[in-house]
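Report on the following structure.
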There are 2 protein chains.
Amino acid sequence: MTAQRVIVIGGGAAGMSAAAKAKRTNPTIDIVVYERSGYVSYGACGFPYAIKGEIARVEDVVVRTPAQFAQQGIQALIHHEVLAIDTARQRVLVRDLHTGREFTDHWDELVVTTGGQPARPPLPGLDLPGVFGLRSVEEAIAIKTWIGEQRPQAGVIIGGGYIGLEMAEALDAHGIALTLIERLPHVLPAFDPEMAAQVEEELRRQRVDVRLGQAVQAIVGDERVRGVIVDGQTIPAEIVILAAGVKPNVGLVRETGIALGPTGAIAVDDHQRTNVPRVWAAGDVAEVYHRVTGKPAWIPLGTTANKQGRVAGENLAGGNARFGGVVGTTVVKVFEREVAISGLSLTRAKAEGFDAVSVSATASSRAHYMPGHQPLTVTLVFDRATRRLLGGQLIGREGVAKRVDTVAAALQAGWTIDEFAELDLSYAPPFAPVWDPLLVAANLARR
Amino acid sequence: MTAQRVIVIGGGAAGMSAAAKAKRTNPTIDIVVYERSGYVSYGACGFPYAIKGEIARVEDVVVRTPAQFAQQGIQALIHHEVLAIDTARQRVLVRDLHTGREFTDHWDELVVTTGGQPARPPLPGLDLPGVFGLRSVEEAIAIKTWIGEQRPQAGVIIGGGYIGLEMAEALDAHGIALTLIERLPHVLPAFDPEMAAQVEEELRRQRVDVRLGQAVQAIVGDERVRGVIVDGQTIPAEIVILAAGVKPNVGLVRETGIALGPTGAIAVDDHQRTNVPRVWAAGDVAEVYHRVTGKPAWIPLGTTANKQGRVAGENLAGGNARFGGVVGTTVVKVFEREVAISGLSLTRAKAEGFDAVSVSATASSRAHYMPGHQPLTVTLVFDRATRRLLGGQLIGREGVAKRVDTVAAALQAGWTIDEFAELDLSYAPPFAPVWDPLLVAANLARR
């Protein structure tokens, strides 16, 4: 009997987690990972900090190299692109991007972890030198090189989501005068407008020209980018970051029989199984169960990718792991502000059909008499009739990221806002006031 | 019909919360607060920071003055000591400490919030000038004045609990060479020895002479303190802080019919009622329901005092508020370490009869490639058979205080450690690694 063969398509967080967990669960398994780029096992979330210069080298965000995986008995082949999946014959067509050679490979178990891909709006000039997306280590290096060599004075960021905001901080650190263009009426679409407004205020305080509700018509230039046309006006730019959203990278699974869910990402069950036997999916290409809405969602995040990959890897190797889903927790640093959400914004809760209301409170991050205390705004969203907590949003200069985790726990527990208000939260003057901002907001909801 | 009269004994956090909430709930109520010291409504937790000098004036920890309470229609009488409670006649005997005048006052509702008092071991020399406790604003001012005027070179702190440790940092900031003496084998008795060891290491790193398992025999001096005798050896000291624990200040309720619970503090139900009708208790003098053990506990903390006071105030004014209890969350800063606990240590869990086990993991506070990341140790305690989470302890240089709140939420939810491991915690490189240290520890428990 030959060893069971596992093929993993995509060597990002999900793929390498799946491979590593499968090998640990059953060391006899034969695993190959095909990765199109030159790197596996990297945290794309670190790119903005590498470009900013807080991390010395972009490559430092790589967790492990193919050589390190080889020592674990996992073959990670970079510069190998999977061109097609044949679910009937259980094989993939692969191209070695260096040699151009194409070959087929047979699987017993297949893991699809092709990730997300940047939305590319149909804009003239997208391919001009100086216009960058930010998904791969290579793109991050290219941006850093461009900044070092071209010394751009002005830049445009297209998109006010997480990556756009983090890149604003990164480019600003190089003295680049920035314009940030967001098609929607506010940045951070997952948040309510009042919370987003505090982020916009911070961006403007940092001299970023924030343009909301405006669409890019074209990117212009000659041998390189020279500007961006927005509402008929040309904004000069020697660097343009395209951060206009991400979508699941599902091109490869079309017409394979692997079903997509309502979000357009691959539908999976709580074991990371797709509808096709012995085909698993995980990470940014897959849907995730949202515990608050009770529906599938598409929320591409490194944490979820790691967890889903691990579950897929354990199960394909004979285990019985379950991924319980997410509550939609994210945090982002925008210059001197920390912004976090867990669960649903008021806007989103209403769109999901909840009779939702919200309360907002601004309280101190530490005891009022302690130096360094900062205002921290908490918005809690809950259902009017059942009083079930539906979400929480936090913004402030400190103490935001890990405070939102308490909201995440409450959402997972399915608490009412009254149960939330009973929390026994930590208190000491350097870290919190006697009434933590979370409880100040919850108390408001009880009035 | 005359207005309902409420008497509150003690103007600390619990008493003033009760008074304020009662008045808001029913503005026709006539409320008087008798406070022995010269201040009401202060956070004693701030004293070490005031003594250290981080807060300009000790008085800055006062939230509101009697004059401010008067504007709310609450009479707060400082320098008024309640000498006796007569529950049969519903009256108290009060002494005006300035004039010496004694008078009785009648209540319709009585709130006992007499707080805690420092344990005073029967030591010779306790009353020498330069030996201080730390419960009142006056004592905090006295310490600060003593340091300013006497410029002590050496100091001894008796007791390695929260106050002792915070005072070590405070006195060290004045260049005082310190010896900290703890009777027990490790500091922070609520924690397991391995976690306490990291605190002891930090203290020693800061050149504090930590003496464990040693008892003070006497405090010596002449017109002022000169030293402390420990195990036959005299340790020179020009200042001594007595932080050898606190006990409920129940002297006043003895022989009143107001019942104490098994912990020695006043027994209360979830409405803050004592066994005597129309007599309420809250704060450090009262017990609290511990959600993890399901038993009454005595855990004197400012947060609990505020919550219990508010519940008592609302209920005595005709409301129907309930205090759900605590899970035993505390955090303390010790020089450059943050140390937190929620729930039970392994030692305590076993003492409570649980078949408890623990896992410990040390992971990074931020993404491994981010500058400033620090090791953070998490210990999770759970029941072997039911896998119920029983407690969590955290220590590190950053990100501890609010991370423990997630443990607090999980304990309130009554989760198993496996449910805890499913948490969707916030992730961004500046704030956490992809696998938060809490999840790294939880994953260990799942192996």
Of the residues in the stretch A:276-326 that are more than 11 Å from chain B (Cβ to nearest Cβ) and of a type in the set (S, T, N, Q), the one that is nearest to B:THR416 (Cα to Cα) is A:ASN320
With criteria (1) touching a residue at least 40 places away in the same chain (Cβ under 8 Å); (2) outside any loop (DSSP other than H, G, I, E, B), B:ALA244 comes up short on (2)
One residue is enough: does the stretch A:224-233 have a residue meeting the conditions small (Gly, Ala, Ser), in a strand (DSSP E or B) and surrounded by fewer than 22 Cβ atoms within 10 Å (Cβ to Cβ)?
yes
Restricted to the stretch A:255-277 and to residues being over 19 Å from A:GLY325 (Cβ atoms) and modelled with pLDDT of 95 or more, the residue surrounded by the fewest Cβ atoms within 10 Å (Cβ to Cβ) is A:PRO277
Among the residues of the stretch B:88-106, is there at least one that is on the phi > 0 side of the Ramachandran plot, among the small types (Gly, Ala, Ser), in the same structural domain as B:VAL285 (by TED's automatic domain parsing) and without any contact (Cβ under 8 Å) to a residue 24 or more places away in the chain? yes
- Query: Somewhere in the stretch B:354-361, is a residue β-branched (Val, Ile, Thr) and more than 9 Å from every other protein chain (Cβ to nearest Cβ)?
  - Reply: yes
Checking B:ARG397, B:ARG403 in turn, the sole residue that is surrounded by fewer than 24 Cβ atoms within 10 Å (Cβ to Cβ) and under 24 Å from the mean Cα position of the chain (by Cα) turns out to be B:ARG397
Tell me, yes or no, whether the stretch B:290-302 has at least one residue that is touching a residue at least 24 places away in the same chain (Cβ under 8 Å), in a helix (DSSP H, G or I) and more than 24 Å from B:GLY392 (Cα to Cα). no
How many residues of the stretch A:58-77 are more than 14 Å from chain B (Cβ to nearest Cβ) and in contact (Cβ under 8 Å) with a residue 24 or more places away in the chain? The answer is 9
When every residue in the stretch B:220-256 that is among the basic types (Lys, Arg) and over 29 Å from the mean Cα position of the chain (by Cα) is compared, the one nearest to B:LEU128 (Cα to Cα) is B:ARG224
Heads up, the helices (runs of 4 or more DSSP H) in the stretch A:399-447 (entirely inside) with at least 3 residues that are within 8 Å of chain B (Cβ to nearest Cβ) are A:404-413
Task: B:SER358 vs. criteria closer than 27 Å to A:ARG366 by Cβ, of a type in the set (Gly, Ala, Ser) and outside the structural domain of B:LEU188 (by TED's automatic domain parsing) - done: no
A:LEU394 fails exactly one of (1) in a strand (DSSP E or B); (2) more than 11 Å from chain B (Cβ to nearest Cβ); (3) within 28 Å of B:VAL332 (Cβ to Cβ), namely (2)
Counting only residues that are assigned to a strand (DSSP E or B), charged (D, E, K, R) and under 17 Å from B:ALA67 (Cα atoms), the stretch B:1-48 contains a total of 1
Picked from the stretch A:327-344 (must be farther than 24 Å from A:LYS307 by Cα and touching a strand residue (DSSP E or B) at 6+ places or on another chain (Cβ under 8 Å)), the residue farthest from the other protein chains (Cβ to nearest Cβ) is A:ARG337
Checked pairs for the stretch A:350-373, first surrounded by 19 or more Cβ atoms within 10 Å (Cβ to Cβ), second hydroxyl-bearing (Ser, Thr, Tyr), C-beta under 6 Å and 6 or more apart or across chains, list as A:SER358/A:THR379; A:HIS373/A:SER364; A:HIS373/A:SER365
Picked from the stretch A:288-314 (must be farther than 22 Å from B:ALA432 by Cα and crowded, with 24+ Cβ neighbours inside 10 Å), the residue farthest from the chain's Cα centre (by Cα) is A:GLY313
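This table checks each residue for (1) surrounded by 24 or more Cβ atoms within 10 Å (Cβ to Cβ); (2) without any contact (Cβ under 8 Å) to a residue 60 or more places away in the chain; (3) within 18 Å of A:PRO248 (Cα to Cα).
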| residue | (1), (2), (3) |
| --- | --- |
| A:ASP108 | no, no, no |
| A:VAL112 | yes, no, yes |
| A:GLN117 | no, no, yes |
| A:ARG120 | no, no, yes |
| A:LEU134 | no, no, yes |
| A:TRP146 | no, no, no |
| A:ILE158 | yes, no, no |
| A:MET167 | yes, no, no |
Filter the stretch A:41-73 for residues that are buried (at least 24 other Cβ atoms within 10 Å of the Cβ) and over 17 Å from the mean Cα position of the chain (by Cα); the one that is modelled with the highest pLDDT is A:ILE51
In the stretch B:11-46, anything out of contact with any Ser or Thr (no Cβ under 6 Å at 6 or more places or on another chain) and polar (S, T, N, Q) is listed as B:SER17, B:THR25, B:ASN26, B:THR28, B:SER41
Would you confirm, using the coordinates I've provided, whether B:ILE55 is part of a loop (DSSP other than H, G, I, E, B) and either under 24 Å from A:GLY372 (Cα atoms) or not assigned by TED's automatic domain parsing to the domain that holds B:PHE103 (or both)?
yes
A careful count of residues in the stretch A:121-171 that are more than 22 Å from A:GLY302 (Cβ to Cβ), touching a helix residue (DSSP H, G or I) at 6+ places or on another chain (Cβ under 8 Å) and part of a strand (DSSP E or B) gives 2
(request) Considering every residue within the stretch B:366-382, establish whether at least one is over 23 Å from A:VAL61 (Cα atoms), β-branched (Val, Ile, Thr) and within 7 Å of chain A (Cβ to nearest Cβ). (result) no
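The values are calculated or read from the model by the stated rules, or taken from the named source; none is laboratory data. Here the structure is a predicted model, which is why all the values come from computation and not from measurement. Note that we place each Cβ from the backbone using ideal geometry, even for glycine, and neighbour counts take in every protein chain shown.
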